[in-house]
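Data block below; observations after.
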Amino acid sequence: MVMPVTPDLRDLFGIEHPIIQAPMAGSTTPELVAAVSNAGGLGSIGMWMMTPEQIREAIGKIRALTDRPFNVNLFAGGWESRDVDPGTTLDILRRVHKELGLSEPAVPAPFEVPFQAQIDAIIEARPPMFSFTFGMPDGATMKRLKEAGITTSGTATTVTEAKLLVDAGVDAVVAQGSEAGGHRGTFAGSIDDAMIGTMALVPQVVDEVSVPVIAAGGIMDGRGIVAAMALGARASQMGTAFLICDEASVPAVHRKVLRQSPGENVTITRAFSGRNARGIVNEFIDAWHGQEDRTLPFPLQNVATRDMRAAAATRDDPRYLALWAGQGAALAREPMPASRLMQELVQEIEVARASVTGR
Ligand SMILES: Cc1cc2nc3c(=O)[nH]c(=O)nc-3n(C[C@H](O)[C@H](O)[C@H](O)COP(=O)(O)O)c2cc1C
């Protein structure tokens, strides 16, 4: 088989190493993004929970800390307004709120989809790169991004989604395997059909699309990066591996349980946000066993569980936190600055390459 010729991602994004620190809303900070970009990778910031003002401020902060390329990220879809009885959510939360000394949980108010105002702020700020998940922006928005000179990438969990993204005009596709930590990006087809591992998904996407492919899901070290490149990926997007960085905004207990994870306790759940996401099993996930179909739709379940998650983070209580992590969690390292993690990864790439080629 002849590999399709695609522009090198390093030329496209202007990065030195094939390492993309994944956007992780709530956990990625301007400091983390800048540290990764300054070390020759691509730092990314998850912005779906930010107001336009916060978006402008965060991009300004990143620019003050680095003159290298960086990536900003939004949820381009996934907001659901179907009617669901909030009874189960309220019953479960009532028990937890009582235990944590919080007031009665309330049914979250209807929401306004924030995407348009967020993307307007991003286009105005013109970051070098914009990535998205949970669907794709409409044609007019893709055109505006292109006209603003912003490089784009979208998340695919199947070959079908990758093709849809390419038809929409993305410059690169993130192939997100089922090992990945955090939310599944699936937007076309059923979540069960889209649970395809990185090893199987990446080469199929590479064979079918004409743009560079970025591998995501379960990649924790240089071995994984080299393996992804052997499958045809131009770079690896790593989330869980970067959660331990000093610059990440992650409760101490979350970092700790990552490293203590036995590896087989990482599951897909809708308990925290209403959308399928991968994290370490805890009491809140267990409380939903057998009744996940009764969560509120995204993002209402996320709003409903916010006070509980905030209280648990303050108390370093792992039982009620969303401990997002990929299936590689047990390979997480001791806490360290992002610059050191980048150094270690670059060294490991060299070692893994040598062991593959025997040179
Ligand atoms: C804590 C956490 C939060 C995440 N938030 C986002 C996000 O805001 N936007 C996004 O596109 N992907 C998000 N992801 C998914 C990552 O982009 C990526 O697909 C995933 O981390 C790769 O798998 P890994 O965690 O095994 O490296 C998140 C992942 C984690 C672990």
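The values are calculated or read from the model by the stated rules, or taken from the named source; none is laboratory data. All of these numbers come straight from a predicted model, not from anything done at the bench. For neighbour counting, all protein chains shown are included, and Cβ atoms are generated from backbone atoms with ideal geometry for every residue, glycine included. For the accessible areas, the whole protein counts, side chains as well, though only heavy atoms, and no ligand, DNA or RNA atoms are used. Shrake-Rupley method; radii C 1.70, N 1.55, O 1.52, S 1.80 Å.
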- [ ] Please list, or write none, the lysines whose alpha carbon is within less than 23 Å of the alpha carbon of Lys146, excluding same-chain residues fewer than 8 places away.
- [x] Lys163
TODO: Grab every C-alpha pair in region 181-221, bin the distances at 10 angstrom width from 0 up to the longest one, and report whole percents.
DONE: 24, 56, 19, 0
- [ ] Which order do the peptides 19-28, 263-272 take when ranked by the mean count of other beta-carbon atoms within 10 Å per residue, highest first?
- [x] 19-28, 263-272
Open item on the list: Quick check: pseudo-label points 7 Å beyond the Cα along Cα→Cβ at Ile191 and Ala25, how many nm apart are they?
Closed with: 1.6 nm
- [ ] Could you check which residue among Asp221, Asp207, Asp286 shows the biggest mean-square fluctuation in a GNM of the chain with a 10 Å Cα cutoff?
- [x] Asp286
Task: Distance histogram for region 133-216 (every C-alpha pair counted, 10 angstrom bins, percent rounded to whole numbers) - done: 20, 53, 23, 4
Task: the chain: relative contact order in percent, alpha carbon pairs under 8 Å with at least 6 residues between - done: 19 percent
- [ ] Express the relative contact order of region 1-90 as a whole percentage, based on alpha carbon pairs under 8 Å and six or more residues apart in sequence.
- [x] 27 percent
Open item on the list: Over all directions, how big on average is the projection of the convex hull of the alpha-carbon atoms in region 197-259, in square nanometres?
Closed with: 4.9 nm²
TODO: Run the numbers on region 276-357 and let me know its relative contact order in percent, using alpha-carbon pairs under 8 Å that are six or more apart.
DONE: 37 percent
- [ ] Enumerate the whole-percent occupancy of each 5 Å bin, from 0 to the last occupied one, for all C-alpha pair distances of region 48-198.
- [x] 2, 8, 15, 16, 16, 15, 12, 8, 5, 2, 0
Open item on the list: For the chain, what does the helix formula give at 222 nm: sum of -39500 (n - 2.57) over DSSP H segments with n ≥ 4, over the residue count, nearest 500 deg cm²/dmol?
Closed with: -11500 deg cm²/dmol
Open item on the list: If you count only protein heavy atoms with a 1.4 Å probe, what accessible area per residue comes out for region 1-81, rounded to a whole Å²?
Closed with: 41 Å²
Open item on the list: Given points 7 Å out from each Cα along the Cα-Cβ axis, report the Asp138 to Ser103 separation in nanometres with one decimal.
Closed with: 3.8 nm
Open item on the list: Could you order the peptides 208-217, 327-336 from most to least packed, using the average number of other C-beta atoms within 10 Å per residue?
Closed with: 208-217, 327-336
Open item on the list: Could you check the spin-label model distance between Lys256 and Gln347? Points 7 Å from the Cα along Cα→Cβ, value in nm.
Closed with: 2.8 nm
- [ ] List the equivalent ellipsoid semi-axes of region 236-359 in whole Å, largest first, each obtained as the square root of 5λ for an eigenvalue λ of the Cα gyration tensor.
- [x] 32, 16, 12
- [ ] Inverting the mean 1/r over all pairs of different Cα atoms, compute the Kirkwood radius of the chain and quote it in Å.
- [x] 20.5 Å
Open item on the list: Taking all protein chains in place and a 1.4 Å probe, what share, in percent, of the accessible surface of region 96-205 do carbon and sulfur account for?
Closed with: 55 percent
Open item on the list: Using only the heavy atoms of the protein chains and a 1.4 Å probe, how would Val356, Val84 rank by accessible area, largest first?
Closed with: Val356, Val84
Task: Euclidean distance between Cα centres, region 105-149 to region 275-296, Å - done: 28 Å
Task: Mean Cβ neighbour count within 10 Å, used as a protection proxy, ranking 178-184, 343-349, 104-110, 275-281 highest first - done: 178-184, 275-281, 343-349, 104-110
